[in-house]
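The values are calculated or read from the model by the stated rules, or taken from the named source; none is laboratory data. This is a predicted model, so every value here is computed, not measured. Don't worry about glycine lacking a Cβ; one is built from the backbone with ideal geometry, like all the others, and counts go over all protein chains shown.
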């Protein structure tokens, strides 16, 4: 089971997550309490191993701006978390992750028509697009269980519920942000516990 820790703002949190087995790190460039500057992301990414995804999270940003930020910061993947049409962002030249807010079965029926490399299933937006610590009804996505090769599961995950979520949806990757925080900041103990729970759950489900 692959794990993405999103909302990274410090070298310490990034290094710890990678050391404990994170496969991807997310850097939020959109308006958010976890927003980072291009320079901050660049400084953090400089020390991250090549095999770890460096995902830039954007909301309704234009492709040219994203491409410039990606090149400067060293991003490897682009996450579109707004109302974007992924096909219009292919010119960036990096794998695209498109977030889909899941409120009803109808939201999932649209997934096959989305031209993205990966689909991130998230809870409906609240104050910000994503990172609100809320989960959606996982049973809605049960039909996707056998087509997990492009599904990333987000929304209200933590070390306690991630195993159950994985057993219901069987995604390629799970994505956590607020679930590994204490008082709004990344908690190194929670990061370790989440990664351990997620990795262990795949072994349990396989067994």
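Which of the residues that make up region 84-95 are surrounded by fewer than 21 Cβ atoms within 10 Å (Cβ to Cβ) and not in a helix (DSSP H, G or I)?
85, 93, 94, 95
I need a count of the residues in region 152-171 that are surrounded by 15 or more Cβ atoms within 10 Å (Cβ to Cβ) and over 16 Å from residue 108 (Cα atoms).
Total meeting the criteria: 8.
Can you pull out every residue in region 43-53 that is buried (at least 20 other Cβ atoms within 10 Å of the Cβ) and part of a loop (DSSP other than H, G, I, E, B)?
Scanning region 43-53 gives a single hit, 48.
Could you tell me which numbered condition residue 149 fails, if it satisfies all but one of (1) closer than 21 Å to residue 25 by Cα; (2) at pLDDT below 75; (3) surrounded by 19 or more Cβ atoms within 10 Å (Cβ to Cβ)?
(3)
Would you please list the contacts, defined by Cβ atoms under 6 Å and residues six or more apart or on different chains, that run from a residue in region 56-70 that is touching a residue at least 40 places away in the same chain (Cβ under 8 Å) to a residue that is surrounded by 19 or more Cβ atoms within 10 Å (Cβ to Cβ) and in a strand (DSSP E or B)?
Once the first residue is touching a residue at least 40 places away in the same chain (Cβ under 8 Å) and sits in region 56-70, its partners that are surrounded by 19 or more Cβ atoms within 10 Å (Cβ to Cβ) and in a strand (DSSP E or B) give 57/26; 57/28; 57/79.
Which one is surrounded by the fewest Cβ atoms within 10 Å (Cβ to Cβ), of the residues in region 69-83 that are out of contact with any strand residue (DSSP E or B) (no Cβ under 6 Å at 6 or more places or on another chain) and either farther than 11 Å from residue 56 by Cβ or at pLDDT below 95 (or both)?
By that ranking, first place goes to 83.
Looking only at region 74-83, how many residues end up being assigned to a strand (DSSP E or B) and either more than 19 Å from residue 37 (Cβ to Cβ) or in contact (Cβ under 8 Å) with a residue 40 or more places away in the chain (or both)? Give the derivation first.
Let us first name the residues in region 74-83 that are assigned to a strand (DSSP E or B), namely 77-80.
Retained after the next criterion (residues that are either more than 19 Å from residue 37 (Cβ to Cβ) or in contact (Cβ under 8 Å) with a residue 40 or more places away in the chain (or both)): 77, 79-80.
The number of residues fulfilling the criteria is 3.
Residue pairs, Cβ under 8 Å, 6 or more apart or interchain, first in region 142-168 and on the phi > 0 side of the Ramachandran plot, second in a strand (DSSP E or B) and modelled with pLDDT of 90 or more. List them.
Listed by first residue and then by second, the contacts come to 155/121.
Of everything in region 196-205, what is at pLDDT 95 or above and over 12 Å from residue 161 (Cα atoms)? Give them in sequence order.
Once the filter is applied, which keeps residues that are at pLDDT 95 or above and over 12 Å from residue 161 (Cα atoms), region 196-205 yields 196, 199.
Could you count how many residues in region 29-42 are closer than 12 Å to residue 70 by Cα and surrounded by 22 or more Cβ atoms within 10 Å (Cβ to Cβ)?
Result for region 29-42: 2.
Please specify each residue of region 1-33 satisfying the condition of being in a loop (DSSP other than H, G, I, E, B), in contact with a strand residue (DSSP E or B) (Cβ under 7 Å, 6 or more places away or on another chain) and over 23 Å from residue 196 (Cβ atoms).
29, 30
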